[in-house]
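The values are calculated or read from the model by the stated rules, or taken from the named source; none is laboratory data. Note that the structure is predicted; figures quoted are calculated from it, not measured. Note that each Cβ is placed from the backbone with ideal geometry, even for glycine, and that neighbours are counted across all protein chains shown. What goes into the accessible areas is simple: the full protein's heavy atoms, side chains included, and nothing from ligands, DNA or RNA. Shrake-Rupley method; radii C 1.70, N 1.55, O 1.52, S 1.80 Å.
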Amino acid sequence: MRPESKPRSQVHELLIQKLRAMGDQAAKITVHGVLTNVEYLKVAVLDALDEVGARYLVHVRAVDTVVESSRVTGVVVGTKRGLMTIRAKVVVDCTGDADVAHYAGAETMMDPKELMPITLGLALTNIDSSKVQAEEILSTIQRGKTKYPLITSGFMEMLPIANSHSWWINHAGTSDLGRVDATDPVERTMAECWSRRQVLQMVQALRESDNPALNQIEWVAAGPQVGVRETRRVKGVYIITEQDALAGSWRAGFVDQGGIKGIENFRMKIHDVPYRALLPEKVDGLLVGGRCISTTHVAAGAGKAMGNCMATGHAAGVAAALSVRKGIMPRELKAGEIQARLRADGVDLEVKDRAQKNLRET
Ligand SMILES: Cc1cc2nc3c(=O)[nH]c(=O)nc-3n(C[C@H](O)[C@H](O)[C@H](O)COP(=O)(O)OP(=O)(O)OC[C@H]3O[C@@H](n4cnc5c(N)ncnc54)[C@H](O)[C@@H]3O)c2cc1C
C-alpha cells in the first residue's frame, strides 16, 4: 500500500493525511503497508472527497445504464425514492464486478470454473499480544474444524487493526464449497449465509479453548457483505496476462488467487498496466478501474491487489476528467497525457524501469 515507505500518489497521501489527523488508532504505517481501522477509514474517505469538492451519494446501487449509439451517457441507480438516472459525459465503473459495463452491454470475462473464493472478513478483539501470538489463535481455529465443519481447510492469516487490541482475519472462505459465482443472487445469498455461520464457528472454537488468553477473544465486526475476490472483468482493448504480471522485478507480494494456487510461483512483479486495459473493447464513454479491469484469471490476482486497484482507479479518474475537458472519448486520449497528469499527482511511473536497471547492475 505504501511501497518502501514512499507516498504512492497525492491522492493516496490525502487519505493518509486524513487518517493521521485522527490519531494513532486510525492507521499504522509500516515499511510497505498501511494498517487501518476501517471505521476511521470510512470517515477519512468522506473527508478526502469533501476536501477536493467531489459530489457523491451513498447507498445507491447502479442497476442499469443509458446507452446511446454504443456510448454510455448515464447510469440508472436505485434509491429510496426509486430509480434515478445520473447523466455523465464519462462513467468510471469501479463496482469490482463490472456491473455498469455489463449493463451497458460491454463484453466481460469470467470463467465460472476458475473463480477465487469468497470470504467474510471478520474482526476479533480482546487479544493481548503479550500473552498470545497470532499463530496460536489461527491454529486453535484450524484445530476446531474437527468439531466445526464450516471452518475452512484452506489458508488463514491475521493482521492487526492499526494500533489496537483487535485483529482481522483473512482466510480461504468458501474454498471448500468449490466455485461460487457472486454475480448470481442465489449463490451470493448462499455464500453470505454460509460465511456468517462459518465465522461464528471460528469464534466458538476460540472461546471453547482452555487458554484464558484465547477464550476471552470476542468477535466485534464482520464485513457488511461478503468479500468477493473475482467475478466479471471487462474485456478491454488490451488484456493483461500472467506473463505481464510476472514480468519486471519482484518487490513484495504475490499474484494471489485467494490461496488456491501455489503462490510461491507467483511472485508479483512491478508491472505496467496499459491504459487500453481500462478501456472496454467496444462501448464508449466508459472506463474501468479496480479489480474488474481487463485481465486474464491469473493476472486478476495481481490486478485485485489494493495498491493496484488504487492505481487503476486513479488513472481511470484522470482519464475521465481529461476526456471531458477535451470533449473527446476516453479511447481518443493519448496515454502520454494521462501519464503526465499522474506524474504531476506524484505517481512514480518509472519504478519498473529503475528496478530492472538495478537488477541488471547487481
Ligand atoms: C477477503 C479478502 C481479502 C483480501 N486481502 C487482500 C490483501 O491482503 N491485500 C490486497 O492487496 N488485496 C486483498 N484483497 C483484494 C482487494 O481487497 C480487492 O480486490 C480490492 O479491494 C477491490 O477494490 P475495488 O475498488 O476494485 O472493488 P471494491 O473494494 O469491491 O469496491 C467496489 C465498491 O462498489 C460497490 N458496488 C458494487 N456493485 C455496485 C453497484 N451495482 N452499484 C453501486 N455500487 C456498487 C461495492 O459496494 C463496493 O463499495 C482481498 C479481498 C478479499 C475479498
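Scan 259, 248, 290 and give me the residue that is on the phi > 0 side of the Ramachandran plot, at pLDDT below 95 and within 15 Å of the ligand (Cβ to nearest atom).
259
For residue 283, all conditions in the list (1) surrounded by fewer than 20 Cβ atoms within 10 Å (Cβ to Cβ); (2) away from the ligand (no atom under 15 Å from the Cβ); (3) among the hydrophobic types (A, V, I, L, M, F, W, C) hold save one; what is the number of the exception?
(1)
Filter the range 313-343 down to the residues that are among the aliphatic types (A, V, I, L, M) and within 22 Å of residue 7 (Cα to Cα) and list them by number.
Within the range 313-343, 315, 316, 318, 319, 338, 340, 342 qualify.
Look at the range 118-136 and say how many of its residues are among the aliphatic types (A, V, I, L, M) and in a helix (DSSP H, G or I).
Selection size over the range 118-136: 1.
Please go through the range 325-340 and pick out each residue that is open to solvent by less than 60 Å² (accessible area, probe 1.4 Å) and in contact (Cβ under 8 Å) with a residue 24 or more places away in the chain. Before the answer, list the steps.
Step one: filter the range 325-340 for residues open to solvent by less than 60 Å² (accessible area, probe 1.4 Å), giving 328-330, 333, 335-338, 340.
The answer is 329, 330, 333, 335, 338.
Here is a check on your reading of the model: is residue 174 in a helix (DSSP H, G or I) and open to solvent by less than 10 Å² (accessible area, probe 1.4 Å)?
Yes.
Hey, among the residues in the range 24-81 that are of a type in the set (Lys, Arg) and under 23 Å from the mean Cα position of the chain (by Cα), which one's least open to solvent (accessible area, probe 1.4 Å)?
The qualifying residue least open to solvent (accessible area, probe 1.4 Å) is 28.
For the range 86-107, name all the residues that are on the phi < 0 side of the Ramachandran plot and open to solvent by 40 Å² or more (accessible area, probe 1.4 Å).
Passing the criteria: 86, 87, 89, 92, 94, 95, 102, 103, 107.
Out of the range 31-76, which residues are under 20 Å from residue 223 (Cα atoms), in a loop (DSSP other than H, G, I, E, B) and within 13 Å of the ligand (Cβ to nearest atom)? Talk me through it step by step, then tell me what you get.
Let us first name the residues in the range 31-76 that are under 20 Å from residue 223 (Cα atoms), namely 34-46, 58-61.
From the residues that got through so far, the ones that are in a loop (DSSP other than H, G, I, E, B) too are 37, 58-60.
Matches in the range 31-76: 58, 59, 60.
Mind checking whether some residue in the range 180-196 is open to solvent by 70 Å² or more (accessible area, probe 1.4 Å), among the hydrophobic types (A, V, I, L, M, F, W, C) and more than 18 Å from residue 211 (Cα to Cα)?
yes
Can you name every residue in the range 299-324 that is open to solvent by less than 20 Å² (accessible area, probe 1.4 Å) and modelled with pLDDT under 95?
299, 300, 301, 302, 303, 307
Given the structure, is residue 95 at pLDDT 95 or above, within 16 Å of the ligand (Cβ to nearest atom), in a loop (DSSP other than H, G, I, E, B) and under 28 Å from residue 277 (Cα atoms)?
The answer is yes for residue 95.
Restricting the search to the range 341-362, which residues are surrounded by 11 or more Cβ atoms within 10 Å (Cβ to Cβ) and in a loop (DSSP other than H, G, I, E, B)?
345, 346, 347, 348, 349
Cβ contacts < 7 Å: first residue assigned to a helix (DSSP H, G or I), restricted to the range 5-30; second residue of a type in the set (D, E, K, R) and open to solvent by less than 50 Å² (accessible area, probe 1.4 Å), any location; separation 6+ or different chain. Result?
10/345; 11/345
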